[in-house]
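J.: Mind having a look at this structure? Questions to follow.
The values are calculated or read from the model by the stated rules, or taken from the named source; none is laboratory data. In this text the structure is predicted, and so the values were computed from the model without any measurement. Every residue, glycine among them, receives a Cβ derived from its backbone with ideal geometry; neighbour counts consider all protein chains shown. All accessible areas refer to the heavy atoms of the entire protein, side chains included, with ligands and DNA or RNA removed. Shrake-Rupley method; radii C 1.70, N 1.55, O 1.52, S 1.80 Å.
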Amino acid sequence: MARDDRRRGGGGRQIVSAALLLTVVLFFLPALVVRGEPVYRRDDVAELPNGEGGLPVAPAPTPAGEGRDKGRAVRLLTKEGEVLELTMAEYLWGVVAAEMPASFQEEALKAQACAARTYTVLLQSKSAGKHPEADICGDSTCCQAYIQRSAAEARWGLDAREYGEKIDRAVAGTDGLGILYDGKPIQALFFSSAAGRTVDAVEVWGNPVAYLKSVDSPEGEEVPNYRTQVVLGAEEVKSLTLNAYPGADLSGDPAGWFGEASRNEGGGVISVPLGGVTLTGGQVRSLFSLRSACFTVAWDGSQFTFDVTGYGHGVGMSQYGANAMAKNGSSFQDILTWYYTGAEVGELW
């Protein structure tokens, strides 16, 4: 009998519990199922503008990298001549994937995203940009490189998912952020690798820029093709030089064509005489298709050998230097404020 009493008592309690559970479910059911939207914490809920409707509205979940960036459009002129309208998040993903190795540290990728976002916003702010029909183009020699996601993932093969998600996080983790000097977006120049130091803008373009100063850069022999050679015969050097600088005198012994170079702290060429015409290191780099202006040149009686270190114009952020800093624990803010002297990281809009 006691066993039967326990069963009846237990059954009564089960009925009461079930009733209570049903009441709770019915109470919360509308919040769970109305329009299929999830339940949000209070701090995730956005108010309607000007209090319209009088009730808080739960926003739809925002994909990574598409907060402030999602609300800003970018008109991109592709290499094929087509103008695409993308969100800033979509565009930046393609720029970071094209401009920096996806195997790099995430903080370096974030720094690249910030630099690319800043450069884009600066071009958008100009009343007459490089491309009247678009904000920016996908040619790295003119604006910034860009690659579509499908093409990047095909190139990465088995690493596609990992690399794609890394870039998603880099863009999302810097949403709307850029590099500012005196509260304004900077010309956020970047390049591949430096030979110990970056280059002051005045050495390359003749004009000083307060935030584009020479600073130490920590990359080195781990960089692919960090040291390269270009070998040219005397006739080729003569032809290339005279086509660009007809006033040069290359009539004598080739051993005397190049004078002594003036160099910066990083060993890069500031200027060098060639056939009596003084050229900048950047001009020589362009003339002979060298990877950087950090070079030496030697004549062995039959040909000139240019020994080159690093890759790029050397001004602004070194990408491999940024990766080396990230490996050593630097944040993307640390990286950006190091390479852009006196700048700060802040919201662009």
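J.: Any residue in the range 134-149 that is touching a residue at least 40 places away in the same chain (Cβ under 8 Å) sitting within a Cβ distance under 6 Å of a residue that is aliphatic (A, V, I, L, M) and open to solvent by 10 Å² or more (accessible area, probe 1.4 Å)? List the pairs, counting only those 6 or more apart or interchain.
T.: Ala134/Leu77; Ala134/Val83; Asp135/Leu123; Ile136/Leu123; Cys137/Leu77; Ala145/Ala98; Tyr146/Ala98; Ile147/Ala98
J.: Would you call Thr309 under 27 Å from Gln229 (Cα atoms) and open to solvent by 60 Å² or more (accessible area, probe 1.4 Å)?
T.: Details: under 27 Å from Gln229 (Cα atoms): yes; open to solvent by 60 Å² or more (accessible area, probe 1.4 Å): no.
Here the answer is no, as Thr309 does not meet what is asked.
J.: I've got another one for you. Applying the selection to the range 268-294, what residues are under 35 Å from the mean Cα position of the chain (by Cα) and surrounded by fewer than 16 Cβ atoms within 10 Å (Cβ to Cβ)? First the steps, then the outcome.
T.: Residues of the range 268-294 under 35 Å from the mean Cα position of the chain (by Cα): 268-272, 278-294.
Within the range 268-294, Thr278, Ser286, Ser289 qualify.
J.: Could I ask something else about it? Evaluate the following for Ser214: is it out of contact with any Gly (no Cβ under 9 Å at 6 or more places or on another chain) and of a type in the set (Ser, Thr, Tyr)?
T.: Values: out of contact with any Gly (no Cβ under 9 Å at 6 or more places or on another chain): no; of a type in the set (Ser, Thr, Tyr): yes.
So Ser214 does not fit the description; no.
J.: Oh, and also: So Trp349 passes all but one of these: (1) modelled with pLDDT of 95 or more; (2) over 18 Å from Glu219 (Cβ atoms); (3) hydrophobic (A, V, I, L, M, F, W, C). Which condition number does it fail?
T.: Exception for Trp349: condition (1).
J.: Given the structure, is Gly164 at pLDDT 95 or above and within 14 Å of the chain's Cα centre (by Cα)? Give the steps one after another, and end with the answer.
T.: Numbers: at pLDDT 95 or above: yes; within 14 Å of the chain's Cα centre (by Cα): no.
So Gly164 fails the test.
J.: Wholly within the range 116-229, which helices (runs of 4 or more DSSP H) include no fewer than the required count, namely at least 2 residues that are open to solvent by less than 30 Å² (accessible area, probe 1.4 Å)? Steps first, please.
T.: Details: elements: 149-156, 160-172, 201-205.
The helices (runs of 4 or more DSSP H) meeting that bar are 160-172.
J.: Quick check: is even one residue across the range 322-345 assigned to a strand (DSSP E or B), of a type in the set (Gly, Ala, Ser) and under 17 Å from the mean Cα position of the chain (by Cα)? Spell out how you get there, then give the answer.
T.: Narrowing the range 322-345 to residues assigned to a strand (DSSP E or B): 344-345.
With the extra rule that they be of a type in the set (Gly, Ala, Ser), the set shrinks to none.
Checked against the condition, which is being assigned to a strand (DSSP E or B), of a type in the set (Gly, Ala, Ser) and under 17 Å from the mean Cα position of the chain (by Cα), the range 322-345 yields no hits at all.
J.: Tally up the residues in the range 66-124 that are under 26 Å from Met325 (Cβ atoms) and among the β-branched types (Val, Ile, Thr), please.
T.: 5
J.: Select from the range 66-87 the residues that are out of contact with any Pro (no Cβ under 9 Å at 6 or more places or on another chain) and either without any contact (Cβ under 8 Å) to a residue 40 or more places away in the chain or polar (S, T, N, Q) (or both) and list them in ascending order. Before the answer, list the steps.
T.: At the first step, the residues of the range 66-87 found to be out of contact with any Pro (no Cβ under 9 Å at 6 or more places or on another chain) are 66-69, 71-87.
Correct list: Gly71, Ala73, Thr78, Glu80, Gly81, Glu82, Leu84, Glu85, Leu86, Thr87.
J.: Kindly check whether there is at least one residue in the range 205-220 that is farther than 23 Å from Ile270 by Cα and at pLDDT 95 or above.
T.: As a first pass, look at the range 205-220 and keep what is farther than 23 Å from Ile270 by Cα: none.
The answer is no; no qualifying residue exists.
J.: Out of all the residues in the range 233-247, which are under 18 Å from Pro273 (Cα atoms) and either surrounded by 12 or more Cβ atoms within 10 Å (Cβ to Cβ) or touching a residue at least 60 places away in the same chain (Cβ under 8 Å) (or both)?
T.: Within the range 233-247, Ala234, Glu236, Val237, Lys238, Ser239, Leu240, Thr241, Leu242, Ala244, Tyr245 meet the criteria.
J.: Identify all residues within the range 241-255 that are assigned to a loop (DSSP other than H, G, I, E, B), in contact with a Gly (Cβ under 8 Å, 6 or more places away or on another chain) and not aromatic (Phe, Trp, Tyr); write none if there are none. Break it down into steps so the answer makes sense when it comes.
T.: Looking only at the range 241-255, we keep the residues that are assigned to a loop (DSSP other than H, G, I, E, B), and these are 245-253.
Then keep just the ones that are in contact with a Gly (Cβ under 8 Å, 6 or more places away or on another chain); that gives 245, 247-250.
Listed by number, the residues that qualify are Gly247, Ala248, Asp249, Leu250.
J.: Of the numbered conditions (1) modelled with pLDDT of 95 or more; (2) small (Gly, Ala, Ser); (3) at negative phi, Ser140 satisfies every one except a single condition; which is it?
T.: (1)
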